[in-house]
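Worksheet: the structure to be examined is printed underneath.
The values are calculated or read from the model by the stated rules, or taken from the named source; none is laboratory data. From a predicted model like this one, the values you see are computed outputs, not experimental measurements. All Cβ positions, even for glycine, are placed from backbone atoms using ideal geometry, and neighbour counts span all protein chains on display. Keep in mind that these areas ignore ligands, DNA and RNA; they rest on the heavy atoms of the full protein, side chains included. Shrake-Rupley method; radii C 1.70, N 1.55, O 1.52, S 1.80 Å.
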Amino acid sequence: MRKYWIILCGLLASAAIVFAADATAVKAVGPAIAHSAAAVDPDPEAERQLFIMANEDRAKIGLPPLQMDEGLTLAARQHATALASQRQLSHQFAGEAPLNLRLTSYTDLHLDRGGENVASAATVDQVHESLMLSPALRENLLSETYNVAGFGVVRRGHTLFVTQDFARAESRSSHH
């Protein structure tokens, strides 16, 4: 009976967003959102598995692998924590910085383009399946544009909340 309950509760949900560095206006950044991490547990193994799956799918169509960036991983993990805390999918919660500022504030890479997938499901395989079945999410995962990424996964109860941040890094810089 529990197996069926988990499957029923593991409804797949996902969304995607993209930004370009030449985007016109950026809203003022509000205060950081404070979240209780009591019931939210990061899952680095799930992050690693999803990263491997993404690069396997990229290899199948002749694309180079994404390089993992620690800063983008931290940004993704922070946003995944926000998703789990709010128990909903969103690319920007009230008071949270827009995607381009979230990404650039965590990495020393010079990013000229970025994108984000968010999803939730009970298992890593279900998350990956939902990402690949959505045209917009699949496009982010398999985009020639992106060469670096960071994936954040947190578990809340029986649900994994996932943020995948993608970017095109032009060159390393010691300044933001």
Quiz prompt | Odd one out for residue 51, checked against (1) over 12 Å from the mean Cα position of the chain (by Cα); (2) surrounded by fewer than 22 Cβ atoms within 10 Å (Cβ to Cβ); (3) modelled with pLDDT of 95 or more | solution = (1)
Quiz item: Among the residues of region 61-84, how many are among the polar types (S, T, N, Q), at pLDDT below 95 and farther than 14 Å from residue 116 by Cα?
Solution: 1
Practice problem: Out of 77, 102, 138, report the one residue that is more than 17 Å from residue 50 (Cβ to Cβ), in a helix (DSSP H, G or I) and among the charged types (D, E, K, R). | Solution: 102
Quiz item: With respect to the numbered conditions (1) surrounded by fewer than 16 Cβ atoms within 10 Å (Cβ to Cβ); (2) modelled with pLDDT of 95 or more, which one is the sole condition not fulfilled by residue 87?
Solution: (2)
Quiz item: Taking residue 79 and the conditions (1) open to solvent by 10 Å² or more (accessible area, probe 1.4 Å); (2) touching a residue at least 40 places away in the same chain (Cβ under 8 Å), which numbered condition does it fall short on, given that it satisfies the others?
Solution: (1)
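So, residue 118, is that one in contact with a helix residue (DSSP H, G or I) (Cβ under 8 Å, 6 or more places away or on another chain), at pLDDT 95 or above and at negative phi or not?
no
Quick check on residue 58: is it within 16 Å of residue 168 (Cβ to Cβ) and either of a type in the set (Phe, Trp, Tyr) or modelled with pLDDT of 90 or more (or both)? Quick ask: steps written out before the conclusion?
Numbers: within 16 Å of residue 168 (Cβ to Cβ): yes; either of a type in the set (Phe, Trp, Tyr) or modelled with pLDDT of 90 or more (or both): yes.
So residue 58 passes the test.
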Practice problem: Determine whether region 4-23 contains at least one residue that is surrounded by 11 or more Cβ atoms within 10 Å (Cβ to Cβ) and either in contact with a Phe, Trp or Tyr (Cβ under 8 Å, 6 or more places away or on another chain) or at pLDDT 70 or above (or both). | Solution: no
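What number of residues in region 105-135 are among the small types (Gly, Ala, Ser), assigned to a loop (DSSP other than H, G, I, E, B) and over 15 Å from the mean Cα position of the chain (by Cα)?
Of the residues in region 105-135, 1 are among the small types (Gly, Ala, Ser), assigned to a loop (DSSP other than H, G, I, E, B) and over 15 Å from the mean Cα position of the chain (by Cα).
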